[in-house]
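Visitor: Please see the structure below; I have some questions.
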Amino acid sequence: MKYILLPDEKEKHRLSFYLAMEEFVARHIDEHDCFFVWQVEPSVIFGRNQLIENEVNIDFCRERGIQMYRRKSGGGCVYADLGNLMLSYITSEENPGFTFHRYINMLVLVLWRLGVEAKASGRNDIMVGDRKVSGNAFYHIPGRSIVHGTLLYDTNMENMVGAITPTREKLTSKGVESVRQRIALLKDLVDIDMDTLKASLREQLCDGELRLSVDDVSVIEDLEKEYFSQTFIEGNNPKYTLIRRDWLLGVGELEARMEVKNGVILSLNLMGDYFIVGEVDVLLRKLKGVALNREALLGALPERLDDFILNLEKEDFINLLLQ
């Protein structure tokens, strides 16, 4: 695996730059596996399918100067600052289950070698005991997969708790009452500093490096423009008449917003922290014009919904729509 370097490692960038950098590496660097570590000023980043007002305390973020960004992967909202590391892994492997399993277990092994008794948990987390030290998200572009996530070292917990507003259902599903109760910081678990942690990740995961050029940075900055456009940040929130929401084991939060007239689905949009593994728009189009009843839904939906959304079962999705 190759470690990706910028021409000037001391230059600071916005969070959106590093998301664009992942895309650039995926599209233009001919290496099977690539990896890099980055840090940003206080920011929140929410998933592709999430509503910002459901996930982020916008007033708090504005008061504290915390920037807000949307990413192209699914998963939940996270907080980042200079006290934690952001990790990016780009691979030619396309199977989401295999990609997640391989990458997260590589991180777990690094942590064990540093003396941290970490373990992979759930869809995308790394835990120490019953507390989370890393969360990760995933998305595809043609021929490539991107996994990115956090590694909590000395994060500002006051900002994290104030900026992120998870639903009570999500916290209950994790068996905790608050964001703070669920989080562990690596500085409390191992006697190494941030620079040593960064160096350990690079040395243990990578067998070489590749430095981008100034011209590459210019291309990345062009890609970045999409991430800080208001259209992308605000997301797609079409009109609806019904909301159906649940937390599904192995899937996450799933919220269906439907426009229904005379018992027929006119449009359907899915929000939440689920992971996309296929063309979800294709799945949703199959339900346009379909009656909102079990028989009609069974006939319209394909058997394998986990080809579209990670771990989603057909029966669970129908039960959600018919609540």
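The values are calculated or read from the model by the stated rules, or taken from the named source; none is laboratory data. Just so it is clear, the model here is predicted, and its values are computed rather than measured. Neighbour counts run over all protein chains shown; Cβ positions are idealised from the backbone, glycine included.
Visitor: Taking the range 102-119, which residues are of a type outside the set (Ser, Thr, Tyr) and under 15 Å from the mean Cα position of the chain (by Cα)? If you could, list the steps in order and put the result at the bottom.
Guide: Narrowing the range 102-119 to residues of a type outside the set (Ser, Thr, Tyr): 102, 104-119.
Listed by number, the list holds a single entry, Ile104.
Visitor: Give Glu253, Glu221 a once-over and let me know the one that is in the same structural domain as Arg14 (by TED's automatic domain parsing) and under 26 Å from the mean Cα position of the chain (by Cα). Working first, answer last.
Guide: On the way: Glu253 fails: in the same structural domain as Arg14 (by TED's automatic domain parsing).
Criteria check complete, one pass: Glu221.
Visitor: Is one or more of the residues making up the range 72-89 without any contact (Cβ under 8 Å) to a residue 60 or more places away in the chain, farther than 24 Å from Gly278 by Cβ and exposed (fewer than 15 other Cβ atoms within 10 Å of the Cβ)?
Guide: No, every residue in the range 72-89 fails to be without any contact (Cβ under 8 Å) to a residue 60 or more places away in the chain, farther than 24 Å from Gly278 by Cβ and exposed (fewer than 15 other Cβ atoms within 10 Å of the Cβ).
Visitor: Hey, another quick one. Give the residues of the range 114-132 that are assigned to a strand (DSSP E or B), of a type in the set (Val, Ile, Thr) and surrounded by fewer than 23 Cβ atoms within 10 Å (Cβ to Cβ), sorted by residue number. Give the derivation first.
Guide: Here is the first cut: in the range 114-132, the residues assigned to a strand (DSSP E or B) are 118-121, 125-128, 131-132.
Filter once more, keeping what is of a type in the set (Val, Ile, Thr): 126, 128.
Of everything in the range 114-132, just one residue is assigned to a strand (DSSP E or B), of a type in the set (Val, Ile, Thr) and surrounded by fewer than 23 Cβ atoms within 10 Å (Cβ to Cβ), namely Val128.
Visitor: Being within 29 Å of Gly135 (Cβ to Cβ), within 24 Å of the chain's Cα centre (by Cα), outside the structural domain of Arg123 (by TED's automatic domain parsing) and surrounded by fewer than 16 Cβ atoms within 10 Å (Cβ to Cβ) is the requirement here; does Asp307 meet it?
Guide: yes
Visitor: Right, here's the next one. Considering the range 2-27 alone, what residues qualify as being touching a residue at least 60 places away in the same chain (Cβ under 8 Å) and over 22 Å from the mean Cα position of the chain (by Cα)?
Guide: Quick first cut of the range 2-27, residues touching a residue at least 60 places away in the same chain (Cβ under 8 Å) only: 2-7, 14-27.
Result: Lys2, Leu5, Leu6, Pro7.
Visitor: Cβ-Cβ below 8 Å, separation at least six or inter-chain, first residue in the range 304-318 and in contact (Cβ under 8 Å) with a residue 24 or more places away in the chain, second of a type in the set (Lys, Arg) and surrounded by 15 or more Cβ atoms within 10 Å (Cβ to Cβ): which pairs?
Guide: Leu310/Arg123; Asn311/Arg123
Visitor: Enumerate the pairs (first residue in the range 113-129 and within 13 Å of Ser200 (Cβ to Cβ); second residue anywhere and in a loop (DSSP other than H, G, I, E, B) and β-branched (Val, Ile, Thr)) with beta-carbon separation below 6 Å, excluding pairs fewer than 6 apart on the same chain, so at least 6 apart or on different chains.
Guide: Close Cβ pairs (under 6 Å, with a partner that is in a loop (DSSP other than H, G, I, E, B) and β-branched (Val, Ile, Thr)) amount to Leu114/Val190; Gly115/Val190; Val116/Val190.
Visitor: Something else about it: Has the range 264-280 got any residue that is loosely packed, with under 14 Cβ neighbours inside 10 Å and free of Cβ contacts under 8 Å to residues at least 12 places away in the same chain?
Guide: no
Visitor: Tell me, which residue of the range 1-52 that is of a type in the set (Ser, Thr, Tyr) and under 21 Å from Ser145 (Cα atoms) is surrounded by the most Cβ atoms within 10 Å (Cβ to Cβ)? Full working, then the answer.
Guide: Step one: list which residues in the range 1-52 are of a type in the set (Ser, Thr, Tyr), which gives 3, 16, 18, 43.
Still in the list and also under 21 Å from Ser145 (Cα atoms): 3, 16, 18.
Working: Tyr3: 18, Ser16: 25, Tyr18: 22.
Among them, the one singled out is Ser16.
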